[in-house]
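Down below is the structure, laid out as structure tokens.
Each value in this text was obtained by applying a stated rule to the coordinates, not by laboratory testing. Bear in mind the structure is a predicted one, so any value in this text is a computation, not a measurement. Neighbour counts are summed over all protein chains in view; Cβ atoms, including those assigned to glycine, are modelled from backbone coordinates with ideal geometry.
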Amino acid sequence: MQSTLITREVINKNIKYTGCTDNQDSEKLYDYNDLCREIDRFKNILQHNNAKKGQTIFNFLRGMRAVSLFIASSELGLVTCVVDITPTSFNLHFKDKNYIDAKSRSVMPINFAIVDDMSLKKMRSGGVQKRTLYCDLAENVILYDENFDSSHNNIIDATDDTIVVKTCSSGTTGTPKSISHTHSFICRLAKRNSNSFYGNVMSTKIFHHSSSFVTFFLPSIFAEKVECVYYQYKKKKFRGGENFLKNIDHIQFPYTSDVQQFLDNTISDTPQLNVYTLAKIDKSWRKYLGVKVKDIVSLFGSSETSGPIFTQNLSDKNFEVDRFIDPDSWYNIKIIDGKLNLTGDRFERNDDGSYKFLGRDDVATIKGEKISYTTINQQARNLIGNCHVTLDTKFEKIYLCVWNDEEDLSKEIEKFTSLYSLDIETKIFSESDPPNFMCGIKMDNESIRDYFRWLT
């Protein structure tokens, strides 16, 4: 019987790793023995700092160190928190020193934050505010010591049902909720996804992006046919006449904008490259097939499932923007009344066995009135332009953010608010403010809720 524990034993022992040292621009190849040596060093460091099974850890490291720390934590039964936070936390922090963003709140308490010299340099220069904030929130901050004892540590303090990863929901219509996954679930899921990977794989996001971590990174180090894993996306390598990408077979970008930037700026002769995204595929990208890329694959899932439920391939002759397939029935999909039983998304099954995406089931009830998050935002943007509406089911309120510097939009705002019998709280922001309320390319609704609730 195959192990369902995430330990060094389930990793492909023939994989090589590239990782950055304390010199950010320096890269080095590491093998499995190097990896194990670092795993043992981290286990010894963690035990020296009295880390116990079930405690939580934030991994701020890069390259092989990041990989090693995750495996070490897993073997000791610690829980790696994989969560992203928005810049809002820093913009609003000065108004309320006790403010903690919702995604961080969902995974607290944070028992340990692990940093190295590179992380500290970035913090001191103000370059990595997220890391600084998490270190402020952590009960213990551990500095990596490359000279610490690396003798073999054979302690495994985890079982199949031990929690190994903690993340949170997106919080579109309500407060982000904590989501935990066991060794067994994550291990089985990663092995399932590993069948897609071979050759050389580059991970662009890992320990702050849960879907990327489980659908792409972990499967790549489990895969039997993978030769080398490249950690960290360096944009400078994708511009001009760089030959770097000629060595890469698989790469992932979570957002459509990242894929577009990649396609616009990379060298043209990488027909072996498979690009993966967690967002919708642009049909216009077909022109890049066989030239810049072999294929572009969209992976549809959620924080709750942690892996791709559906996929779509741009190279598929039947490709349509909203057409998806179930690659292997791993999730035992059931569509009930047009709603996918695993998420809050709506699909219908086509005659050929594929699935058509109908949109999110994003209806919230505010003071007895059912309101669609998608519909109300479309209405607002049609009338006002650059704006965003957030629903607050906890306090049963509706918040309207308008991004405008000069134009008087009072009539347009009044026309929009008159569509609803409920009061809509409105705030005019500068046109430069949206990035302060975004996570990746999406509006972070909980940060907007926090702003209206407590920070105005």
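A few points about this structure:
- Amide H contacts under 5 Å for VAL164, placed H, 5+ residues apart: HIS181, THR182, HIS183
- The stretch 363-454: C-alpha gyration tensor shape, a/c 1.5 cut-off, then a/b vs b/c: oblate
- Förster radius 35 Å - calculated FRET efficiency between ILE335 and ASP160 (Cβ-Cβ, nearest 0.05): 0.70
- Whole-number percent relative contact order across the stretch 233-331, with pairs defined as alpha carbons under 8 Å at least 6 apart: 21 percent
- Gained length - VAL321 relative to ASP405, 0.36 nm times residue gap less alpha-carbon distance: 26.7 nm
- Neighbour cut-off at most 14 other Cβ (10 Å), DSSP loop, chymotrypsin sites (Phe, Trp or Tyr not before Pro), the stretch 144-207: PHE148
- Counting lysine pairs in the stretch 363-454 that sit 8 or more residues apart in sequence, or on different chains, and whose Cα atoms lie under 25 Å apart gives 18.
- Prolate/oblate/rounded call for the stretch 282-387, Cα gyration tensor, a/c under 1.5 rounded: oblate
- For ASP157, the residues whose amide H sits under 5 Å from its own are LEU76, GLY77, ignoring neighbours fewer than 5 places away on the same chain, with H placed 1.01 Å from N.
- Here the label points at GLU224 and ASN195, each 7 Å from Cα along the C-beta direction, are separated by 1.2 nm in the simple model.
- Residue by residue, the stretch 141-146 carries 3J(HN,Hα) couplings of 10, 10, 8, 4, 10, 5 Hz when phi is fed to the Karplus relation 6.51 cos²θ - 1.76 cosθ + 1.60 (θ = phi - 60°); x denotes Gly or Pro.
- Net lengthening on full extension, THR374/ILE428 (0.36 nm per residue, minus Cα-Cα): 17.4 nm
- Burial ranking of peptide ranges 373-381, 348-356 (average Cβ count within 10 Å, highest at the top): 373-381, 348-356
- Take the Cβ atoms of TRP454 and LYS177, set R0 to 25 Å, and the FRET efficiency comes out at 0.80.
- Remark: spin-label model distance ASN386-ASP149 equals 5.9 nm, labels positioned 7 Å along the Cα→Cβ axis.
- Taking a point 7 Å from the Cα of SER421 along the Cα-to-Cβ direction, the residues of the stretch 343-380 with backbone N closer than 12 Å to it are 367-370.
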